[in-house]
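Peer 1: Encoded as structure tokens, here's the structure I'll be asking about.
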Amino acid sequence: MKKAVFPGSFDPITLGHVDIIERGLPLFDEIILAIGVNSDKKYMFNLEERVRFLKETFKNQPKIEVMTYKGMTVDFCKSQNAGFILRGLRNSTDLDFEKFIGQTNFKMSGVETVFFITSSGKSHISSTVVRDVIRNNGDYAFMVPDAVKK
Ligand code: ADP
């Protein structure tokens, strides 16, 4: 059984995340959407809301599980018997950052990271931009799945 973990803050989930997750589905029997809990970080949406957005968005997709975790992503992967981490690359900044983390994770645990390059037209979307637009009362609906709009 090929299992992948897609780790992130998902504050909130965007159509950029959805794109990567949907494209990962044919590769894996199961994808765990894993919200990393970091008590030092300030979030716009609390953990329950972020879990709800993910669950609602993928409620009709039996291959997707939503979970939360603390600590290192590779330890969480091991605990779930997941051999892969799924991540998205928007630009060279993402690549530089992800390369270092992917190499370290592999060295530590043998867990491979599988990367998808963002679909054309989606690379401008980020949770940070969505939060900024929300704070300024702008229209963010075109960047997020329905669950986040309500
Ligand atoms: P983190 O807090 O770990 O950065 P995020 O929720 O911001 O978590 O992102 C999780 C993953 O989703 C990362 O691999 C990131 O590159 C990817 N991602 C986010 N937005 C997009 C997008 N628009 N296109 C492709 N990948 C994306």
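The values are calculated or read from the model by the stated rules, or taken from the named source; none is laboratory data. Quick caveat: nothing in here was measured; it's all calculated off a predicted structure. Every residue, glycine as well, gets a Cβ built from its backbone with ideal geometry; the counts of neighbours run over all protein chains shown.
Peer 1: Which is in a helix (DSSP H, G or I) and among the β-branched types (Val, Ile, Thr), of Thr113, Thr93?
Peer 2: Numbers: Thr113 fails: in a helix (DSSP H, G or I).
Only one candidate qualifies: Thr93.
Peer 1: Which numbered condition trips up Arg135, out of (1) at pLDDT 95 or above; (2) under 17 Å from the mean Cα position of the chain (by Cα); (3) among the basic types (Lys, Arg)?
Peer 2: (2)
Peer 1: Being assigned to a loop (DSSP other than H, G, I, E, B) and more than 12 Å from the ligand (Cβ to nearest atom) narrows it down to one of Asp132, Asp139, so name that one.
Peer 2: Values: Asp132 fails: assigned to a loop (DSSP other than H, G, I, E, B).
Within the list Asp132, Asp139, the selection yields Asp139.
Peer 1: If I filter segment 40-54 down to residues being touching a residue at least 40 places away in the same chain (Cβ under 8 Å) and either away from the ligand (no atom under 11 Å from the Cβ) or aliphatic (A, V, I, L, M) (or both), which single residue comes out as farthest from Asp94 (Cα to Cα)?
Peer 2: Taking segment 40-54 first, the residues touching a residue at least 40 places away in the same chain (Cβ under 8 Å) are 44, 50, 52-54.
Pick out the ones that are also either away from the ligand (no atom under 11 Å from the Cβ) or aliphatic (A, V, I, L, M) (or both) and you get 44, 52-54.
On the way: Met44: 22, Arg52: 26, Phe53: 24, Leu54: 22 Å.
The extreme case among them is Arg52.
Each row is one residue, and each column tells you yes or no for (1) aromatic (Phe, Trp, Tyr); (2) under 16 Å from Val130 (Cβ atoms); (3) within 12 Å of the ligand (Cβ to nearest atom).
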site: Phe10; (1), (2), (3): yes, yes, yes
site: Leu15; (1), (2), (3): no, yes, yes
site: Asn38; (1), (2), (3): no, no, yes
site: Phe58; (1), (2), (3): yes, no, no
site: Gln61; (1), (2), (3): no, no, no
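Peer 1: Is one or more of the residues making up segment 75-82 in contact (Cβ under 8 Å) with a residue 24 or more places away in the chain, within 10 Å of the ligand (Cβ to nearest atom) and surrounded by 15 or more Cβ atoms within 10 Å (Cβ to Cβ)?
Peer 2: no
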